[in-house]
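Notes follow the structure.
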């Protein structure tokens, strides 16, 4: 009898051990399962699920309808692959984010939420996010932004002739000053795509249009089908000037009503579907309140202390109050490049000076002289000579044209760069059957 008990006991523990081992092995396999190989790096299912959870939470917070789970997984995996390639390239080329910079960024984020670092960490924990993971995510975001600036935006140049042509085209178009709030779906095709690739893209376009016709929201269709970088954000491009957009887009938008969706638009990049969310005119003149001012500056240093600088300024202010000429004292005492010109700053636009200086200047009447004013540069005495409302429409138009041309060229260059980066890399998908 004892032998039978011992035998069944051994059998029980053997079965228990095998079952436990199988469960543990299944769990390990699940945690370590590779969903993509990107050059020398792998993306695991755990990485993918973590990003899906984050994106899903963001979409729900924005009130965006969630796309089909399989399509969402595919979109997020593509985003992960793109981010991984860029992070790898940044590491290979020596681009690093220092811990001090990361600390300052996180402190600023916490401050914007009116939280201390401890409170912010606790808030993250309540959302299921560790501070370690948050730091890693922010480090990657900073890295990607710096990489884009270095590789793309830093190399984009806008010439005066491009600005002139932009403004000429704008003036020749009756609706070019109109602004459009649009959302966008892109079904990408290879630059030299084969007939089979074009046909696959057309099928995807038809599926997207069918989903829109069935009442699915544009944001959900974008998240499900679009290949654009902002697909998961609903494809929203915000407000765009008519002349800022490709002529193909503008021609389609001209005949659309607010809330309307365009027919597919073919371009070298692929097929585009646009939604016109809103529209407004852009012909209002821009009048800026300018101030003609001059100042005297005493800089602080190891030689000139805070108290000594203030005392020196108070003595200068007393001499001004007693009738001595501002320009004479500015040439004699000011430690600014304007000293030789009597401290004259010329016509100052809002935002041209630091906040402390601008606040004190705006509180002065014409010809009034301020008390000593402290800024990050030292101690100032300011005098307002006159004010005027200046029509800055032309200047603002050129500035905006330059910004819009740069943004467009940078986005096109960035997409080309990402595509080249992907083409040069070894990428192997391991979960295609799940998509």
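FYI, it's all coordinate maths here, none of it is from the lab. Here the structure is a predicted model, which means the values were calculated and not measured. For neighbour counting, all protein chains shown are included, and Cβ atoms are generated from backbone atoms with ideal geometry for every residue, glycine included.
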Worksheet item: In degrees from 0 to 90, rounded to the nearest 10, what is the angle of the helix 99-112 Cα long axis to the longest principal axis of the chain?
Response: 80 degrees
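Quick one: if the Förster radius is 22 Å, what FRET efficiency do residue 130 and residue 88 give, using the C-beta to C-beta distance and rounding to 0.05?
Working: r = 24 Å, r/R0 = 1.08.
That pair, residue 130 with residue 88, gives E of 0.40.
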Worksheet item: Given only helices, namely DSSP H runs of n ≥ 4 each adding -39500 (n - 2.57), what is the per-residue ellipticity at 222 nm of the chain, to the nearest 500 deg cm²/dmol?
Response: -17500 deg cm²/dmol
Worksheet item: Once Rh for segment 311-435 is found with the Kirkwood sum over Cα pairs, what is the Stokes-Einstein diffusion coefficient at 25 °C and 0.890 mPa s, in µm²/s?
Response: 127 µm²/s
Worksheet entry | Dimensionless Rg over Rh [segment 301-344; C-alpha; Kirkwood] | 1.01
Practice prompt. Any chance you could give the angle, 0 to 90 degrees and rounded to 10, that helix 45-62 forms with the longest Cα principal axis of the chain?
Written response: 50 degrees
Item to complete: For segment 89-222, divide the Cα radius of gyration by the Kirkwood radius and give the resulting Rg/Rh value with two decimals.
Response: 1.10
Discussion item. Viscosity 0.692 mPa s, temperature 37 °C: what is the translational diffusion coefficient of segment 373-419 from Stokes-Einstein with a Kirkwood Rh over Cα pairs, rounded to a whole number of µm²/s?
Written reply: 220 µm²/s
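Once you have the Kirkwood Rh of segment 55-119 from its Cα pairs, apply Stokes-Einstein at 4 °C and 1.567 mPa s and quote D in µm²/s. Don't skip to the end; give the middle numbers.
Numbers: Rh = 15.0 Å.
Reported coefficient: 86 µm²/s.
Please compute one quarter of the surface area of the Cα convex hull for segment 332-379 and express it in square nanometres.
3.7 nm²
Need one number for the chain: average projected area of the convex hull over its C-alpha atoms, nm². Before the final figure, lay out each step's value.
Numbers: hull surface 139.3 nm².
Computed as one quarter of the Cα hull surface, the answer is 34.8 nm².
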Response to the item:
Measuring from the longest principal axis of the C-alpha atoms of the chain, the long axis of helix 160-172 (C-alpha) lies at a number of degrees, nearest 10, equal to 80 degrees
Worksheet item: In segment 29-164, how does Rg compare with the Kirkwood Rh, expressed as the Rg/Rh ratio over alpha carbon atoms?
Response: 1.03
